[in-house]
Amino acid sequence: MNNLQRPDVIVVGAGSAGCVLADRLSQSGRSVLVIEAGPDLRFGAAPSGISGPSFFAAMSEPGRVWSGVEAQRVAGQARRPYARGRGIGGSSAVNAMIGLWGEVEDYDAWESDFGCQGWSWRDVEPYFRRIDIPLTKADPGSPTRVGSALFEACRLEGWTWHRGPFPLGGVGRDVGPVMLTRSTDGRRVTASDVYLERARERNHVRILCDTLVDRV
C-alpha cells in the first residue's frame, strides 16, 4: 500500500482546526488523509454566499450548515440551535468572520487560577502570531452614530484608539474597529483558502469529501 492508503495521520473534518492540522502536519512530510462530510469547493469556486461578505448569505447556502445541532450556552438555559459549518472550511466558511485575540488576563487566569499549565498569555501569544489568515478592519473610516458614541465614551474612560492589526485582546484597554477574516477586496477568507489550498499541492495529502466516518 502507498502512503495515502495507510497515511501517517487521518484528520476527520476539514473545518477551521482540521485545515490547519492538515497543513502543519504535512509540512514535515507526514502523509495526511483529510475526511470531510460536506462538499469540496476550491478557492475561487465557492458560491457568492460563501465568498461574499454577508454572514447571513453564507448561512443560507444549501448544505453548508449542519442541521439538528443544539447547544446549551449557560447552565439552566434551554438547548438552542447551534449553527456549525459543513463542507470544506467548516464554520470558517459560514461564520461572521470576526477575528479577535482573547484578553491577556483571561489566559493568565487559566494557568494561575485553574492550573492549566502552558496556557498563559506568554505561552499562547506566539501561536496567535503564527495565524496566516489575513485580518482587515471593518469600515474603520465610517463608524455609525452608535459606534462614534461608544468610541467617545471609551475615550472619556481613558481607553485609547488602537491602530495596530489587533485592536482587542493582548494589548491592554483600547478600542478600535473589529477585525474580520476577509481580504482587502471584501472576500471571505476561510481556513481552507489559506491552509488546505497549499496543503493540496503536496503529493502526500489526500482529501475525501462527501464522506462520513463511522468509527474512530
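Which condition number does Cys19 fail, the rest of (1) hydrophobic (A, V, I, L, M, F, W, C); (2) farther than 29 Å from Asp123 by Cα; (3) buried (at least 16 other Cβ atoms within 10 Å of the Cβ) being met? Status for Cys19: all satisfied but (2). Within the range 114-130, identify whether any single residue is within 30 Å of Met59 (Cα to Cα), assigned to a loop (DSSP other than H, G, I, E, B), out of contact with any Cys (no Cβ under 7 Å at 6 or more places or on another chain) and not acidic (Asp, Glu), and answer yes or no. The answer is yes, given that some residue of the range 114-130 is within 30 Å of Met59 (Cα to Cα), assigned to a loop (DSSP other than H, G, I, E, B), out of contact with any Cys (no Cβ under 7 Å at 6 or more places or on another chain) and not acidic (Asp, Glu).
Of the numbered criteria (1) under 30 Å from Arg215 (Cβ atoms); (2) free of Cβ contacts under 8 Å to residues at least 40 places away in the same chain, the one Asp40 fails is (2). Just a yes or no: is a residue in the range 71-82 crowded, with 18+ Cβ neighbours inside 10 Å and either outside any strand (DSSP E or B) or outside the structural domain of Gly176 (by TED's automatic domain parsing) (or both)? No, the range 71-82 has no match at all. Annotation note: Cβ proximity below 8 Å between a residue of the range 115-127 that is in contact (Cβ under 8 Å) with a residue 40 or more places away in the chain and not assigned by TED's automatic domain parsing to the domain that holds Ala17 and a residue that is surrounded by 12 or more Cβ atoms within 10 Å (Cβ to Cβ) and part of a helix (DSSP H, G or I) (sequence gap 6+ or interchain) occurs for Trp121/Val104; Trp121/Tyr107; Trp121/Asp108. Say we look at the range 137-161 and pick out the residues that are farther than 27 Å from Arg182 by Cα, surrounded by fewer than 10 Cβ atoms within 10 Å (Cβ to Cβ) and not acidic (Asp, Glu); which of these is modelled with the highest pLDDT? Filtering the range 137-161 for residues that are farther than 27 Å from Arg182 by Cα, surrounded by fewer than 10 Cβ atoms within 10 Å (Cβ to Cβ) and not acidic (Asp, Glu), the one modelled with the highest pLDDT comes out as Leu156.
The values are calculated or read from the model by the stated rules, or taken from the named source; none is laboratory data. All figures in this text were calculated on a predicted structure; none of them were measured in a lab. Glycine gets a Cβ as well: all are built from the backbone with ideal geometry, and neighbour counts include every protein chain shown.
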